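Peer 1: Got a structure for you, written out below as C-alpha cells; questions coming shortly.
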Amino acid sequence: MSPRDRRRDWSRLDESDVRVRPGRGTRPRTKRRPEHADAVTAMVVGKDRGRWTCALAGDPKQIVVAMRARELGRTPVVIGDNVDLVGDTSGKPDTLARIVRVADRTSVLRRTADDTDPFERVVVANASQLLIVVALADPPPRTGFIDRALVAAYAGGLEPVLCLTKSDLASPDEITAAYAELALPVLVTRQDEEPEAIAGQLHDQVTALIGHSGVGKSTLVNKLVPDADRETGVVSAVGKGRHTSVTAVALPLPDGGWVIDTPGIRSFGLAHIEPDDIVAAFPEFVEAAEECPSGCGHLGPPEDPDCMLDTVVTDGSASQGRLESLRRLLSSRAGIDESPREQVGE
C-alpha cells in the first residue's frame, strides 16, 4: 500500500496524524476599547471623502486632518463635533491622525428629507445659535420655512436668530410683526452695508447658518469672514437660487467664534420631532401640556379638542399671541395649513 493510500485508510490513523485547529475560545477577546489617554481634543470643522479637518482645542491656526478609527465603526462624525485624536497631530502635509472618540453633543441641528422620512440627519453639532437667513425679496420670504427652522432649533437646543437680508429691496415690518410674540432676535441687513449687528451677535459663539439658495447667505459669510471666499450665485427667473455652498464647513470669525455655513436647502423635514419637543421651548405651557391626553398634538379644536394649553391663556399666564405662535409652529411640524410650496420650502 502506498503512503498516499495509507493516509486515506482512516483505521490506521492515530493522534499524531490528526491536526487540531485551535478553537476561537483559546484567544483572549475583549470589547473594551483602548483608553487613548494621550489623545488630544479638537473641533471638527470640515469633511471631505472620509477625511475630517479638525482644529486642535478649537484653534483655527492648528489644523489637523484625521480619519475615523476602526474601533468607532460607523459612528457619525459631523461638523461641530468635539473629538479626541491620536497619531500624528502635527498638521504637517501628508500626515493623518485618527478620531478615537466623539464627545457628547450639547446641541444638534437635525432634519429629515421630508415629513415622512424616518431617517434623521444631523447637520451640525454643538452650535449655540441657529441663524435663519431669509431674503425679504428676490426670492420672497417663506414663513413656512422660518417656522420649520424655529422648530428644529427649539428641539435641538439651539437659540434661534432671524436674519432678514436685502432690506434695500423690501420692508421687514410684516415679517418682524409675525414673530413679535416669540421674543426672537431679528437682525436686518442690506446689500450695501456691512453686517455689524450680525457680527456682534455671532461674537464668541458657534453659530450655524441655514437658508434657501439665493437669499444671500454666502454673501453674508464672505462679509463676516473675509478669507472665506464662499461662492455666491444668482436667483433664477423662477425665484429659486442655485446651490452655491455644497458642503457644511466651520469658518473662524476674525474676533472670535465660529460660523458654520451649510448648503442651501430645498426641504426641511421634521419627522423626527415630537410636539412636546416644541412645547418645551415655551415654558409657560409646559405644565399644562402634561395634563393633555396621551397623543395630543396641542393644536386645539377641532384636531385636539381636549388640549389644555388654552387654560394657560384663560388664567392670564400667557398671551393669546404666544399660544397662536406656538400652534403655528406645531401646525408647521404637522404639515397642516401649509401649501406644498411652503411645506417643502421651494
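Peer 1: Report whether or not Leu158 is within 16 Å of Thr207 (Cα to Cα) and either free of Cβ contacts under 8 Å to residues at least 12 places away in the same chain or buried (at least 16 other Cβ atoms within 10 Å of the Cβ) (or both). Reasoning before the result, please.
Peer 2: Details: within 16 Å of Thr207 (Cα to Cα): yes; either free of Cβ contacts under 8 Å to residues at least 12 places away in the same chain or buried (at least 16 other Cβ atoms within 10 Å of the Cβ) (or both): yes.
Yes.
Peer 1: Name every residue in the stretch 61-99 that is closer than 23 Å to Leu209 by Cβ, open to solvent by less than 60 Å² (accessible area, probe 1.4 Å) and touching a residue at least 40 places away in the same chain (Cβ under 8 Å), in order of residue number.
Peer 2: Val78, Ile79, Gly80, Asp81, Val83 - these are the residues of the stretch 61-99 that are closer than 23 Å to Leu209 by Cβ, open to solvent by less than 60 Å² (accessible area, probe 1.4 Å) and touching a residue at least 40 places away in the same chain (Cβ under 8 Å).
Peer 1: Collect the residues in the stretch 189-221 that are surrounded by 17 or more Cβ atoms within 10 Å (Cβ to Cβ) and part of a loop (DSSP other than H, G, I, E, B), keeping them in residue-number order.
Peer 2: Selection gives Thr189, Pro195, Gln205, Gly211, His212, Ser213, Gly214, Val215, Gly216.
Peer 1: Within the stretch 135-146, which residues are open to solvent by less than 10 Å² (accessible area, probe 1.4 Å) and either more than 18 Å from the chain's Cα centre (by Cα) or among the acidic types (Asp, Glu) (or both)?
Peer 2: Residues of the stretch 135-146 that are open to solvent by less than 10 Å² (accessible area, probe 1.4 Å), as a first pass: 135, 139, 144-146.
Scanning the stretch 135-146 gives Ala135, Pro139, Gly144.
Peer 1: Going through the stretch 233-271 one residue at a time, which ones are at pLDDT 90 or above and of a type in the set (Val, Ile, Thr)?
Peer 2: Val249, Val259, Ile260
Peer 1: Looking only at the stretch 43-57, which residues are touching a Ser or Thr at 6+ places or on another chain (Cβ under 8 Å) and either free of Cβ contacts under 8 Å to residues at least 60 places away in the same chain or basic (Lys, Arg) (or both)? Spell out how you get there, then give the answer.
Peer 2: Kept after step one, since they are touching a Ser or Thr at 6+ places or on another chain (Cβ under 8 Å), are these residues of the stretch 43-57: 44-48, 56-57.
Scanning the stretch 43-57 gives Lys47, Leu56, Ala57.
Peer 1: For residues that are part of a helix (DSSP H, G or I), among the hydrophobic types (A, V, I, L, M, F, W, C) and either open to solvent by 20 Å² or more (accessible area, probe 1.4 Å) or touching a Gly at 6+ places or on another chain (Cβ under 9 Å) (or both), tally how many sit in the stretch 280-298. So that I can check it myself, show each step before the final result.
Peer 2: Kept after step one, since they are part of a helix (DSSP H, G or I), are these residues of the stretch 280-298: 283-289.
When the remaining residues are screened for being among the hydrophobic types (A, V, I, L, M, F, W, C), the result is 285-286, 288-289.
Add one more test, that the residue is either open to solvent by 20 Å² or more (accessible area, probe 1.4 Å) or touching a Gly at 6+ places or on another chain (Cβ under 9 Å) (or both), and what stays is 286.
Within the stretch 280-298, residues that are part of a helix (DSSP H, G or I), among the hydrophobic types (A, V, I, L, M, F, W, C) and either open to solvent by 20 Å² or more (accessible area, probe 1.4 Å) or touching a Gly at 6+ places or on another chain (Cβ under 9 Å) (or both) number 1.
Peer 1: Looking only at the stretch 90-104, decide whether some residue is closer than 30 Å to Arg190 by Cβ, touching a Ser or Thr at 6+ places or on another chain (Cβ under 9 Å) and at pLDDT 90 or above. Let's see the steps before the verdict.
Peer 2: Narrowing the stretch 90-104 to residues closer than 30 Å to Arg190 by Cβ: none.
No, the conditions are met nowhere in the stretch 90-104.
Peer 1: Now a separate question. Among (1) surrounded by fewer than 16 Cβ atoms within 10 Å (Cβ to Cβ); (2) closer than 18 Å to Arg333 by Cα, where does Ala177 come up short?
Peer 2: Failed condition: (2).
Peer 1: Further question: Filter the stretch 170-188 down to the residues that are assigned to a loop (DSSP other than H, G, I, E, B), of a type in the set (A, V, I, L, M) and closer than 20 Å to Leu202 by Cβ and list them by number.
Peer 2: First, the residues of the stretch 170-188 that are assigned to a loop (DSSP other than H, G, I, E, B): 170-172, 179, 183-185.
After this cut, where a residue has to be of a type in the set (A, V, I, L, M) as well, the list is 170, 183-184.
The answer is Ala183, Leu184.
The values are calculated or read from the model by the stated rules, or taken from the named source; none is laboratory data. In this text the structure is predicted, and so the values were computed from the model without any measurement. When we count neighbours, we look across all protein chains shown, and the Cβ atoms used for this are built from the backbone with ideal geometry, even at glycine. The protein model used for the area step is the full one, side chains on, heavy atoms only, and it has no ligands, DNA or RNA in it. Shrake-Rupley method; radii C 1.70, N 1.55, O 1.52, S 1.80 Å.
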